[in-house]
1. For the pair A and B, how large is the buried accessible area, both sides, in square angstrom to the nearest 100, if the probe is 1.4 Å?
2. Ignore the peptide's own chain and count Cβ atoms of other chains within 10 Å of each Cβ in B:12-25; give me the average, rounded.
3. When you look at the Cβ of every residue in B:45-54, what mean number of other chain Cβ atoms sits within 10 Å?
4. In deg cm²/dmol, rounded to 500, what helix-only [θ] at 222 nm does chain B give when every DSSP H run of at least 4 residues adds -39500 (n - 2.57) and the total is split over its residues?
5. Within the range B:106-136, what residues put their amide N at less than 12 Å from the label point 7 Å along the Cα-to-Cβ vector of A:ARG31?
6. Would you mind checking the tilt of helix A:64-78 against the longest principal axis of the Cα atoms of chain A, expressed as 0 to 90 degrees and rounded to 10?
7. Share of the range B:12-132's accessible area from carbon and sulfur, percent, 1.4 Å?
8. Between B:LEU41, B:LEU122, B:LEU97, find the one with the highest GNM mean-square fluctuation for chain B; connect C-alpha pairs within less than 10 Å.
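The values are calculated or read from the model by the stated rules, or taken from the named source; none is laboratory data. No experiment lies behind these values; they were computed from the predicted model shown. Methodologically, a virtual Cβ is constructed for each residue, glycine included, from the backbone with ideal geometry; neighbour enumeration extends over all protein chains shown. Protein only, heavy atoms only, side chains kept; ligands, DNA and RNA dropped before computing areas. Shrake-Rupley method; radii C 1.70, N 1.55, O 1.52, S 1.80 Å.
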Amino acid sequence: MLVLTRRAGESVVIGPDIVVTVLEVRGDLVRLGVRAPRGIQVHREEVFLELQAANRSAAGEPSSEALDWLSKLGTKANRPPS
Amino acid sequence: MSGDSRSDDVPVLHFDEGLPGFPDAHRFTLVPIGADSDGGLFRMMCLDADVQFVVAAPPVFLPDYAPEIDDDAADRLGLATTDDAITLLVVTLADPLDQSTVNLLAPIVVNVRTREAAQVVLRSDVLPIRQLLVAV
């Protein structure tokens, strides 16, 4: 891993068009600004990893039992409240 | 996949970047679960890879769900107005089934005019990635 020391207000450039700027350092919190082109999504790592894991556990062919349950749930949810 | 006649009749969603965890899954079709699409539940099946999801339409299950899509995501999907967007929530089936969850933090956002789609992480500290489907 490349390690660089930066002060508040200083930046690093990644590739031709991504700039990460240290905006503020206060105690153990560092505020970063990220400037990246359209199409580059920037995520907090832990959120992205959790989303990947959630998608992996969601993917798969539903069993016939699950499809049956879902279709009943859909009918129930769609029924206007009495 | 010109040999797949179903893909000719059913709209194909295009995920330019795939989905987190599935970067190579770009084209999906939606197939209603149950009699028709009024039930708000669909199988979202990939045409590029052996990947499929169950997704839920918020109007049926969560009428109050009104995610705020940031400008960057709206730009990427070419969304000019919110009327052009629909959202779908990824369902994780569980055993037992009544423990199944939906992902409210990262809805799939679809531009209904262009069929461009992406799973968008909302800027929220309160929306869960796993919310019980039966409780919503």
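1. 2800 Å²
2. Other-chain Cβ atoms within 10 Å of each residue's Cβ, averaged: 3.
3. That works out to 3 on average.
4. -2000 deg cm²/dmol
5. none
6. Roughly 90 degrees between the two axes.
7. With neighbouring chains kept in place, the figure for the range B:12-132 is 48 percent.
8. B:LEU97
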